[in-house]
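Below is one structure; the comments refer to it alone.
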Amino acid sequence: MWETNVRAEELGARLKQAREQASMTQGELALAVEYDQRSISQWERGIRKIPAVDIPKFASVLNVPIAFFFEGQLGSSDIDDELLRAFHQLPTSESRQAVIQWIRDLNTLLQNR
């Protein structure tokens with residue numbers, strides 16, 4: 001899992017900021033990311049930390065870069081290091097190739113939005 005040093009409160013404040021910039025209610029965001037409104041509320045208040053694997057989904061729905069959630073916390077080299085570390089922990093070359101293809105597909109999809 002992608003570990004960061006970002007506190008739940010900071011991440012929640014960023015989530016709320018992005019949601020409000022997108023003029024969305026908690027309920028609308030919850031529907032868009034397939035969670036319930038209670039989870040959104042708990043994340044925004046820092047009671048629970050957003051699962052790292054869901055941050056790209058939030059970024060996409062809220063039309064912000066993933067880095068928005070980590071501004072002032074991670075430098076690009078930190079993100080690169082974390083991605084490389086996770087990539088090299090994949091168990092097989094086939095799984096690494098699948099991740100590379102997924103990233104290419106995601107990039108194409110995002111460029112065509």
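No value in this document is a laboratory result; all are computed from the given coordinates. All of these numbers come straight from a predicted model, not from anything done at the bench. FYI the Cβ positions are ideal-geometry reconstructions off the backbone, even for glycines, and counts take in every protein chain you see.
Take every pair of alpha-carbon atoms less than 8 Å apart whose residues are at least six positions apart; their mean separation over the length of the chain yields a relative contact order of 29 percent. Using only Cα atoms, find the angle between the long axis of helix 93-111 and the longest principal axis of the chain, and express it within 0 to 90 degrees, rounded to the nearest 10. It works out to around 50 degrees.
Shown in residue order for the stretch 16-28 are the 3J(HN,Hα) couplings computed by the Karplus curve 6.51 cos²θ - 1.76 cosθ + 1.60 at θ = phi - 60°: 4, 4, 5, 4, 5, 5, 7, 6, 10, 7, 4, x, 5 Hz (x for Gly and Pro).
In units of the rule-of-thumb radius 2.2 N^0.38 Å, the chain shows an alpha carbon radius of gyration of 1.13.
Placing +1 on the Cβ of every Lys and Arg and -1 on the Cβ of every Asp and Glu, with nothing else charged, gives the chain a dipole about its Cα centre of roughly 200 debye.
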